[in-house]
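All remarks here apply to the structure that follows.
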Amino acid sequence: MEYQFDHRPMCKYCTNAKPIPYTEDVLCKRCGAVPETHVCKKFKYNLLARDVRRKKGLDVTKFSAEDFSLDD
């Protein structure tokens, strides 16, 4: 199963581009240094280029043993 890209294509998410440190530009194999919002005809989605947001941790301090008991 291939992942379907559901966002607007950008060089930021392309396999042909690498981020340039300390800038918001990327270095494209085809076009050179371009803004990360740039798109060319050779765009190919790179799933690993996405910034994944992690789930928030569960605050267990607000629970007690009575919250998990089955007795009424």
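If I go through the range 39-58 residue by residue, how many of them are over 13 Å from Pro19 (Cβ atoms) and surrounded by 12 or more Cβ atoms within 10 Å (Cβ to Cβ)?
Final tally of qualifying residues: 5.
Quick check on the range 52-70. Is at least one of its residues of a type outside the set (D, E, K, R) and touching a strand residue (DSSP E or B) at 6+ places or on another chain (Cβ under 9 Å)? Spell out the reasoning first.
If we filter the range 52-70 for residues that are of a type outside the set (D, E, K, R), which is where we start, we get 52, 57-58, 60-61, 63-65, 68-70.
Those still in the list that are touching a strand residue (DSSP E or B) at 6+ places or on another chain (Cβ under 9 Å) too: none.
Among the residues of the range 52-70, not one is of a type outside the set (D, E, K, R) and touching a strand residue (DSSP E or B) at 6+ places or on another chain (Cβ under 9 Å), which makes the answer no.
Residues in the range 4-23: is at least one at pLDDT 85 or above, exposed (fewer than 14 other Cβ atoms within 10 Å of the Cβ) and in a strand (DSSP E or B)?
yes
Checking Pro35 against (1) surrounded by 11 or more Cβ atoms within 10 Å (Cβ to Cβ); (2) free of Cβ contacts under 8 Å to residues at least 24 places away in the same chain; (3) not aliphatic (A, V, I, L, M), which single condition isn't satisfied?
Here Pro35 meets the rest and fails (2).
Within the range 32-53, track down each residue that is in a loop (DSSP other than H, G, I, E, B) and not β-branched (Val, Ile, Thr).
Passing the criteria: Glu36, His38, Cys40, Lys41, Lys42, Phe43, Lys44, Asn46, Arg50, Asp51, Arg53.
Quick one: would you say Val60 is hydrophobic (A, V, I, L, M, F, W, C) and within 18 Å of the chain's Cα centre (by Cα)?
The answer is no for Val60.
For the range 54-63, indicate whether the set of residues that are in a helix (DSSP H, G or I), without any contact (Cβ under 8 Å) to a residue 12 or more places away in the chain and of a type in the set (D, E, K, R) is non-empty.
Checked against the condition, which is being in a helix (DSSP H, G or I), without any contact (Cβ under 8 Å) to a residue 12 or more places away in the chain and of a type in the set (D, E, K, R), the range 54-63 yields at least one hit.
The values are calculated or read from the model by the stated rules, or taken from the named source; none is laboratory data. Note that the coordinates shown come from a computational prediction; the quantities given were computed from them, not determined experimentally. Here Cβ is always computed from backbone atoms with ideal geometry, including for glycine, and neighbour counts include all displayed protein chains.
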